[in-house]
1. First select every other residue whose beta carbon is under 11 angstrom from the beta carbon of Val79; then total the charges, Lys and Arg +1, Asp and Glu -1.
2. Step through the residues of region 74-80 one at a time and calculate ³J(HN,Hα) from phi using the Karplus curve (6.51 cos²θ - 1.76 cosθ + 1.60, θ = phi - 60°), rounding each to whole Hz and writing x for Gly and Pro.
3. Using the Cβ atoms and a cut-off under 12 Å, what net charge is assigned to the surroundings of Val8, where Lys and Arg are +1 and Asp and Glu are -1?
4. Residue by residue through region 25-42, which ³J(HN,Hα) values in whole Hz follow from phi under the Karplus form 6.51 cos²θ - 1.76 cosθ + 1.60 (θ = phi - 60°), with glycine and proline marked x?
5. List every residue whose amide H lies under 5 Å from the amide H of Cys32, counting only residues 5 or more places away in sequence or on a different chain, with H placed 1.01 Å from N in the peptide plane.
6. Can you give the Rg to Rh ratio for region 4-90, taking only C-alpha atoms and Rh from Kirkwood?
7. Count charges around Pro34 for me, please; just the other residues with Cβ under 14 Å from its Cβ, Lys/Arg as +1, Asp/Glu as -1.
Amino acid sequence: MADAFELVALALPGDVAPESLPATARQFIADCWPGMSRSQLIARARRLSLRPSLRAYRPGAPGEIGHFALTLTAGMQTVSLIAHLRRVAQRRASARSRKAATASRPPVRDPRQASLF
């Protein structure tokens, strides 16, 4: 099962001025909120006709914040953002792990009885 991530913050690289962003990128940033999932982030970008690319820049351990390079392509213009995403604990177990947990197992054998078999 893929890791679940939630947005903590979006940031611009240090060499990019906020005024230089295209209107659709500014609208995208305004529409994002802390706590939205990675899939919501990508879907929001696609809804605004932006082509998003999310790549791990500095991934974090579970529960910690990782830095991701979010590249938005609007027509011929490319916008680079830094997305701070937190890896969220899995909410439910996969069907395979549930099946393995409830599967019937043979009883543990006593080593003293090994000569009987």
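Values quoted throughout were computed directly from the atomic coordinates according to the rules given, and no laboratory measurement underlies them. Here the structure is a predicted model, which is why all the values come from computation and not from measurement. Virtual Cβ from ideal backbone geometry, glycine too; neighbours counted across all protein chains shown.
1. Local charge sum for Val79: +2.
2. 10, x, 9, 9, 10, 10, 9
3. Numbers: positive: Arg38, Arg86, Arg87; negative: Glu6, Glu64.
Result for the neighbourhood of Val8: +1.
4. Using θ = phi - 60°, the values come out as 5, 5, 5, 4, 5, 5, 7, 7, 9, x, x, 6, 7, 4, 5, 5, 4, 5 Hz.
5. Answer set, sorted by chain and number: none.
6. Details: Rg = 12.5 Å, Rh = 13.0 Å.
Value, to two decimals: 0.96.
7. Details: positive: Arg38, Arg44, Arg86; negative: Glu6, Asp31.
Result for the neighbourhood of Pro34: +1.
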